[in-house]
Amino acid sequence: MPSQPPSSHDTSWQLPLATPTLELSAGTLSFPAPAHSIEHNEAGLKLVLVLGGQLDYQLQSGGAVSVEGPAFHISLSDTPFSVSHHYAARQPLQYLSVRMPMQALHDTFGAELGSLARRIAPAARQTMATANGYAGKAMQALGRQIMLCPLAGPLRQLYLSGKALELTAAVMDGLTGTGAAAETAPGTRQLRCLQQARDILLQRLHAPPTLPELARLAGTNASTLSQGFRQQFGTSVFAYVREQRLELAYRMLTAGNISVADAAHACGYTDSHFSKVFRQRYGVSPSDLRCA
């Protein structure tokens, strides 16, 4: 992703040159006011997976495009290119980005530009090929595994590099229309129910409804909600609530104006359990983060 505009809530991390063949970054961005930035990319392949929120972008040679998660954007260019990003106010964007230089694609993987470009956009005849699509449950699962990497040190780099390559391969395979990644998005009515369920959870993180109650409020049944939620957001309702609670606590603590106990209470945790799950998620205790 690009250098972020000022005044953003940024819980992103980056693994530059995770291997000589790729660069990986991921996180959650949120801005108090509409924001804009420009990203400059070298020749090669870039993949962005949007797990939540909306990404509005414009390539230097095209019109404005809006991608709403769960979705992906992939681009391939044999020349350097720029991308303009636009961010809505108070709309968290959860993303991850994989970049591979053109030289690495050719030397390490034996990839040929024309062949890759035709996978991304069969009619592509220019120096750049791009595609956007729905991110099915396999892609979302890989994205969550990257976001929630449980390892540290050199093992973390090995794990993330492997998962980033696996995700890229899954997206490319899905573009052919023959791979397991080629899924269809939920129908319009079901999508509205799922988005309403997500909004209810975000509004009631401190005391979320039970699954049957959530399904009733969203206008569906528990079984359909459970299955559709996992397909749409790449995780279970329970895991989504846990992740959003921890992200809220992280933002509160980095702001520095709340105690660990108050952050835990605001997110629906007891103090002792909160410290344990927070350290597992971020690799640092909440008290250490607050003092940083």
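Tabulated results
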read-out: Considering residues of region 198-217 that are in contact with a Cys (Cβ under 9 Å, 6 or more places away or on another chain) and either surrounded by 19 or more Cβ atoms within 10 Å (Cβ to Cβ) or closer than 23 Å to residue 68 by Cβ (or both) only, the residue modelled with the highest pLDDT; value: 215
read-out: Subset of region 183-194 that is more than 13 Å from residue 240 (Cα to Cα) and surrounded by 15 or more Cβ atoms within 10 Å (Cβ to Cβ) - its residue that is modelled with the highest pLDDT; value: 193
read-out: Set 84, 66, 77, 97: member being among the small types (Gly, Ala, Ser), under 14 Å from the mean Cα position of the chain (by Cα) and at pLDDT 80 or above; value: 97
read-out: Of all residues in region 255-292 being in contact (Cβ under 8 Å) with a residue 60 or more places away in the chain and of a type outside the set (A, V, I, L, M, F, W, C), the one that is surrounded by the fewest Cβ atoms within 10 Å (Cβ to Cβ); value: 280
read-out: Top-ranked residue of region 224-240 - restricted to ones that are under 19 Å from residue 28 (Cα atoms) and crowded, with 20+ Cβ neighbours inside 10 Å, ranked as farthest from the chain's Cα centre (by Cα); value: 237
read-out: Residues of region 146-158 satisfying the condition of being over 17 Å from the mean Cα position of the chain (by Cα) and surrounded by 13 or more Cβ atoms within 10 Å (Cβ to Cβ); value: 156, 157, 158
read-out: Test: residue in region 225-238 that is in a loop (DSSP other than H, G, I, E, B), modelled with pLDDT under 90 and hydroxyl-bearing (Ser, Thr, Tyr); value: yes
read-out: Of the criteria (1) assigned to a loop (DSSP other than H, G, I, E, B); (2) within 22 Å of the chain's Cα centre (by Cα); (3) hydroxyl-bearing (Ser, Thr, Tyr); (4) at pLDDT 85 or above, which one residue 220 fails; value: (2)
read-out: Residue selected from region 33-58 under the condition modelled with pLDDT of 90 or more and under 10 Å from the mean Cα position of the chain (by Cα), by the criterion nearest to residue 101 (Cα to Cα); value: 48
read-out: Which numbered condition residue 76 fails, given (1) surrounded by fewer than 20 Cβ atoms within 10 Å (Cβ to Cβ); (2) of a type outside the set (Lys, Arg); (3) in contact (Cβ under 8 Å) with a residue 12 or more places away in the chain; (4) in contact with a helix residue (DSSP H, G or I) (Cβ under 9 Å, 6 or more places away or on another chain); value: (1)
read-out: Search result, residues across region 197-217 that are closer than 16 Å to residue 94 by Cβ and assigned to a loop (DSSP other than H, G, I, E, B); value: 205
read-out: Matching residues, region 142-156, being of a type in the set (A, V, I, L, M, F, W, C) and modelled with pLDDT of 85 or more; value: 142, 146, 147, 155
read-out: Residue that is farthest from residue 29 (Cα to Cα) [pool: residues in region 267-279 that are in a helix (DSSP H, G or I) and at pLDDT below 80]; value: 272
read-out: Subset of region 128-161 (residues that are in contact (Cβ under 8 Å) with a residue 40 or more places away in the chain and polar (S, T, N, Q)); value: 130, 132, 140, 157, 161
read-out: Any chance residue 30 is assigned to a loop (DSSP other than H, G, I, E, B), at pLDDT below 85 and either of a type in the set (S, T, N, Q) or out of contact with any Phe, Trp or Tyr (no Cβ under 9 Å at 6 or more places or on another chain) (or both); value: no
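The values are calculated or read from the model by the stated rules, or taken from the named source; none is laboratory data. What you see is a predicted model, and the numbers here were worked out from it, not measured in a lab. In this analysis, Cβ positions are derived from the backbone assuming ideal geometry, glycine residues included, and neighbour counts consider all displayed protein chains.
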